[in-house]
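Notes to accompany the following structure.
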Amino acid sequence: MASAWTADQWNKFFEVPNSWHYDSDYEQTKYKQTLSLVPESITGKVAELACAEGHFTELLAPLVKDLVAFDISSVALGRTSERCARFRNISYQEFDFLNNPLPDSFAFELIVCSEVLYYCESFEQLRGVAKQIASRLTPKGYVLTAHANGSRDGNKSGFRWCEIDADIVIDTFKEAGMSIVRELRTPLYRIGLLQFSPDREDSNWVVEHAAAGALRRNVSCAIEWQGTQLTRNAARETIKTRRLPILMYHSVSDKVDTHALAPYRITPSAFEEQLLALRQRGYRSIHIDEWNECRRHGKPLKGNPIILTFDDAYKDFIENAFPLLEKYDFTANLFVPTFYIGRASEWDSRFGSCFDLLDADELRYLANAGIAIGSHSDTHPFLAYLPERSLLLELSRSKQTLEDLLNQEIKEFCYPFGNLSGAVLEAVQKSVYDFAYCTEKRACDLSDNQYCLPRLHVMSDLLIDKFIQCVVHATDQ
Ligand SMILES: [Zn+2]
């Protein structure tokens, strides 16, 4: 159970603004959904408990006449009053409502209380707080509350940290004499509108189903998805392996191809199915350095490690693949042919059509978001057929271009067309790369050569059952 934080602890927490990423699509979507349940009939006083930095407060204020924003932290309240300075209908009150009865000087027609009851120290305290809140409502007053799903129950998706979850919160308000009148459910949280009417049966309230907003990794890392067979924590405790599946992808797009490149383009929905399957089986993205550390020290890898690689840096990576990687908390390695940054994949023209590639700003954005960027040569040639001088130029120029662009050392390389020879291998080492990925089709092992890392090819005709078999088999052996 969470321990109750003091005002000092909260003030310290709020020293850094926006720690909860209130402006993310996930939070903003949740705010809009919560607002959609505010009854239009409200004319009296409204309270928002735990207003934090006022991001929801400023959306609620235009909808109501008289709003009191409460928070335990003076730092947070200060930020709310700054953010909401343009509104004349808000008053601010520093107050610890989890440990003190709400002031009885006024009654509220609506109390909004979201994402805060997790911090009750016990179910006992939660019951007391729910009773308190109910007792400060006008007759037929409302409580509006949004809380996350917990992951106790493997039959639905929820957050690992969440012990007092949305179901418990809503049931506790019911125990306190409230009836649920409207509800909005997403796969990750529930928003309930409850009304104080102890005699009412709440058997037929309106339930609306909606999607949650786009997830960033800071939120998605704590989710256990519905159907999870092995959590990442459990995998880390029980599994030791010498195997590392490194998956090879190219394009993730709905665009239809009939030519020779079609096998290299998988649909976003197929990709999502694969990521969910990996998450449900406890897989986690690792950096190749972790494989290298284990290799050097002769120690096995812990848990279910995996690396997802994307060749060619197509623009659809940032449009389609990256948001899904964020949603399921995976990262990836992206290999960039540097001459073509911001242009089209001209080397594809001999097999089919060319596609747009990521530009410099997009590569910088992805690198900042934790995507490992590596070189895929400069002009995407068949390296084994080049004279030595051109070969060395391909390797050094692309490394330098990426290092200048991203201001970081580039240590990883990927052979275009999987085309290599002894001379190419030697040249890659000479050009001060630490790792290179090839197209040999098998799972990587701790005994593999770091300049010839094999990969499992994920092609468009690979069905999900085969995909799972292929990855799990690669890890088990
Ligand atoms: Zn390529």
Original post:
Which members of the range 414-449 meet the condition of being in contact (Cβ under 8 Å) with a residue 40 or more places away in the chain, within 14 Å of the ligand (Cβ to nearest atom) and not in a helix (DSSP H, G or I)?
Top reply: CYS414, TYR437, THR439
Original post:
Only one of these conditions is not met by SER353: (1) within 16 Å of the ligand (Cβ to nearest atom); (2) closer than 23 Å to GLU273 by Cβ; (3) polar (S, T, N, Q). Which number is it?
Top reply: (2)
Subject >> Filter pass, ALA69 being closer than 30 Å to GLU224 by Cα and surrounded by 15 or more Cβ atoms within 10 Å (Cβ to Cβ) >> reply: no
Original post:
Mind checking which residues of the range 381-413 are more than 16 Å from the ligand (Cβ to nearest atom), without any contact (Cβ under 8 Å) to a residue 12 or more places away in the chain and farther than 12 Å from THR338 by Cβ?
Top reply: PRO387, ARG389, SER390, ASN407, GLU409
Subject >> Those residues of the range 369-380 which are touching a Lys or Arg at 6+ places or on another chain (Cβ under 8 Å) and within 12 Å of the ligand (Cβ to nearest atom), in sequence order >> reply: GLY374, SER375
Original post:
Of all residues in the range 16-59, which are more than 24 Å from the chain's Cα centre (by Cα), in a loop (DSSP other than H, G, I, E, B) and surrounded by fewer than 17 Cβ atoms within 10 Å (Cβ to Cβ)?
Top reply: SER36, PRO39, GLU40, SER41, THR43, GLY44
Original post:
So which residues in the range 89-102 are of a type outside the set (Asp, Glu) and touching a residue at least 24 places away in the same chain (Cβ under 8 Å), if there are any at all?
Top reply: ASN89, ILE90, SER91, TYR92, GLN93, PHE95, PHE97, LEU98, ASN99, PRO101, LEU102
Subject >> Flag for GLU290 being surrounded by fewer than 17 Cβ atoms within 10 Å (Cβ to Cβ) and of a type outside the set (A, V, I, L, M, F, W, C) >> reply: yes
**OP:** Consider ALA384 carefully, then state whether it is aliphatic (A, V, I, L, M), under 16 Å from ALA436 (Cα atoms) and surrounded by fewer than 17 Cβ atoms within 10 Å (Cβ to Cβ).
**Re:** yes
Original post:
Mind checking which residues of the range 238-280 are free of Cβ contacts under 8 Å to residues at least 60 places away in the same chain and over 30 Å from LEU357 (Cβ atoms)?
Top reply: THR238, GLN280
Original post:
So which residues in the range 322-345 are more than 12 Å from the ligand (Cβ to nearest atom) and assigned to a helix (DSSP H, G or I), if there are any at all?
Top reply: PHE322, PRO323, LEU324, LEU325, GLU326, LYS327, THR338, PHE339
Original post:
Do the conditions hold for LEU110, that is, is it touching a helix residue (DSSP H, G or I) at 6+ places or on another chain (Cβ under 7 Å) and part of a strand (DSSP E or B)?
Top reply: no
Original post:
For the range 115-198, which strands (runs of 3 or more DSSP E) that fit wholly inside it have 1 or more residues that are more than 25 Å from the chain's Cα centre (by Cα) and surrounded by fewer than 17 Cβ atoms within 10 Å (Cβ to Cβ)?
Top reply: 137-148
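Values in this text are rule-based calculations from the coordinates and carry no lab data. All values reported here derive from a predicted model rather than from experimental measurement. When we count neighbours, we look across all protein chains shown, and the Cβ atoms used for this are built from the backbone with ideal geometry, even at glycine.
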